[in-house]
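J.: The structure under discussion is supplied below as structure tokens; questions concerning it will follow.
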Amino acid sequence: MADLERLKSYRAGMIVTGRVRSLERFGAFVDLGGVEGLLKTHNISWRPIEYPSDVLSVGKEVTVKILDVDLQRGQISLSLKDLQPDPMIPLKEKVGSVVTGKVVKIVPFGIFVQIEEGQLGLLMNSEFTGPGAPPRPEIGEEIQVRIADVDLDSRRIRLSLP
């Protein structure tokens, strides 16, 4: 349990600097100067990462935003990504544009295409059916796609063929 008086000095929304103390699969513990905060994996980066060690290392100094201070549990929740620009916002302005992307994953219902670094869009299987439909591309293949929709709330990008 963190020292209650120190914990009370922190508020949600504050920007603070700390040092990564340890890395776990679910996140990183950050020393904020006598108080420890948890930086969960999904709050580290806008792009999907599997492990905190993909981005962070023990001893690294980080500037983070405090998301929540739970005085009863003695916990502070942190975010690194909230201090970075959301890469989907500029994509919202590109709805209707045709871009080049790379096929990175094929799933039963469609194809995931990386259209910008870290930004994956879904091209549904229905785009490859019917008369005159092109063949399904393979993983690693570059293809032209139209950005059909960018949903900031659900964090999804829908693609179509041009």
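J.: Determine the pairs where a residue that is under 19 Å from Leu152 (Cα atoms), located within the stretch 83-106, has a partner that is exposed (fewer than 13 other Cβ atoms within 10 Å of the Cβ) with Cβ atoms under 6 Å apart, the partner being 6 or more residues away or on another chain.
T.: Cβ pairs passing all conditions: Met88/Leu152.
J.: Of the conditions (1) among the hydrophobic types (A, V, I, L, M, F, W, C); (2) in the same structural domain as Gly33 (by TED's automatic domain parsing); (3) within 15 Å of the chain's Cα centre (by Cα), Leu67 clears all except one; give me its number.
T.: Exception for Leu67: condition (3).
J.: Mind telling me which of the residues Leu120, Leu152 ends up being surrounded by 13 or more Cβ atoms within 10 Å (Cβ to Cβ) and either of a type outside the set (Val, Ile, Thr) or within 27 Å of Ser45 (Cα to Cα) (or both)?
T.: Only one candidate qualifies: Leu120.
J.: Now, a different point. Go through the stretch 46-59 residue by residue and tally those that are out of contact with any Asp or Glu (no Cβ under 8 Å at 6 or more places or on another chain) and either closer than 17 Å to Gly18 by Cα or among the charged types (D, E, K, R) (or both).
T.: Here the count works out to 8.
J.: Out of all the residues in the stretch 56-68, is one or more under 30 Å from Asp149 (Cα atoms) and free of Cβ contacts under 8 Å to residues at least 12 places away in the same chain?
T.: The answer is no, given that none of the residues of the stretch 56-68 is under 30 Å from Asp149 (Cα atoms) and free of Cβ contacts under 8 Å to residues at least 12 places away in the same chain.
J.: Could we say that Glu93 is loosely packed, with under 12 Cβ neighbours inside 10 Å and either at pLDDT below 95 or within 18 Å of Ser9 (Cα to Cα) (or both) here?
T.: Yes; evaluated as a whole, the condition is true for this residue.
The values are calculated or read from the model by the stated rules, or taken from the named source; none is laboratory data. All values derive from a computational prediction rather than experimental measurement. Cβ sites come from the backbone with ideal geometry, for glycine too, and all protein chains shown count toward neighbours.
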